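Worksheet: one structure, shown below.
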Amino acid sequence: MMRMVSTAAAACMLSSAVMAQEAPSATANSWPQQPVKVVVAAAAGGPIDVFGRVMAERMGQLLGQQVYVENVPGAGGMVGGQSVARAKPDGYSAILGTIATHTHSQNLYKAPLYNSATDFAPVGLIAEIPLVLITRKDLPADSLKDFAAYAKANAAKMNYGSAGTGSATHLGCALLNNAIGVNIQHVPYRGTAPAMQDLIAGRIDYLCEIVVTAKPQIDAGTVKAIATLSGTRSSVLPNLPTAKESGFPNTEADTWAGLFFPKGTSPVIVEKMNAAMIKAMETPDVKAKLETLGATIVVPGRRTPAYLAQFVKDDIVKWAVPVKASGIQPE
């Protein structure tokens, strides 16, 4: 009798162990069973917020569950990044990662709130949004080569603006300055709007701004567009040459957007989210809306989790150089 009880107990234990092993897979296979939150680590209403909402709406339709955006700004994007890095890896918390949350956070702070290369499960890269070099309208340069020559000859009396120290607009110009070989005075502002106002008024010489924000002023003729700081031309400024075309191949200053889950999320869930992401990217009206934001949808070979994982590591290394050259002291 004792042997029968012992055998039954062993069988029960074995069954429980098998169920414990199978449960995560079963849960992953039935995902999603509730709404999925995508954190945008920026204030509502900006380009990256609009970007996230366009993608989230279509992905929700494809997944059969609501995908919604939650804005969690602060600390250059790290507050939002940390909220997802520490979230339960169940597939219901993700982040629309950017150059701010996953690259600059690692170079601008001595003790970042997370390790962007190891604390997340990459889903896929979606798009890149280039910066464009714009100058005061009376600056005597119409090409990047002319601008470089002028900057070298007048470096001591020039200045450039940004949306703030450590912002993408600051580091984009720092990368450009490093490539040209000049040291120009930086004037940080509290946001893009006041920097743009001073550029229009001629109080600063140039600005490296995201294309969607720069385009209205370029079209109005209040500033001069010199070059797109990207590997490819922008769909919203197709006639403006890239820095690479202009002879400066190491000045790609794209911001970017990609999806990440917390580390430890099931590969099955990652694969499902990646498939929905790709289908959303390829939906014509979604693609058109993203392109109006100045975004360039990445080509198929760059959409995989593995590609995004390596991309983040490489981007951190790439931007460490201009950060150091700009003289920014990590906080």
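A few comments on the model shown:
- Residues in the range 65-122 that are of a type in the set (A, V, I, L, M), under 17 Å from the mean Cα position of the chain (by Cα), closer than 26 Å to GLN34 by Cα and assigned to a loop (DSSP other than H, G, I, E, B): VAL72 alone.
- Options ILE218, ILE210; residue that is buried (at least 21 other Cβ atoms within 10 Å of the Cβ) and within 22 Å of SER246 (Cα to Cα): ILE210
- Test: residue in the range 46-59 that is modelled with pLDDT of 95 or more, over 25 Å from ALA117 (Cα atoms) and outside any helix (DSSP H, G or I): no
- Hits in the range 274-303 (condition: hydroxyl-bearing (Ser, Thr, Tyr) and not in a helix (DSSP H, G or I)): THR283, THR296
- Verdict on ALA280 being buried (at least 23 other Cβ atoms within 10 Å of the Cβ), within 17 Å of VAL236 (Cβ to Cβ) and either touching a residue at least 24 places away in the same chain (Cβ under 8 Å) or touching a Ser or Thr at 6+ places or on another chain (Cβ under 6 Å) (or both): no
- When the range 126-149 is filtered for residues that are of a type outside the set (A, V, I, L, M, F, W, C) and surrounded by fewer than 18 Cβ atoms within 10 Å (Cβ to Cβ), the ones remaining, listed by number, are LYS137, ASP138, PRO140, ASP142, SER143, LYS145, ASP146.
The values are calculated or read from the model by the stated rules, or taken from the named source; none is laboratory data. As the structure is a prediction and not an experimental result, all values here were calculated from the model. As a convention, Cβ positions derive from the backbone with ideal geometry for all residues, glycine included, and neighbour counts pool all protein chains shown.
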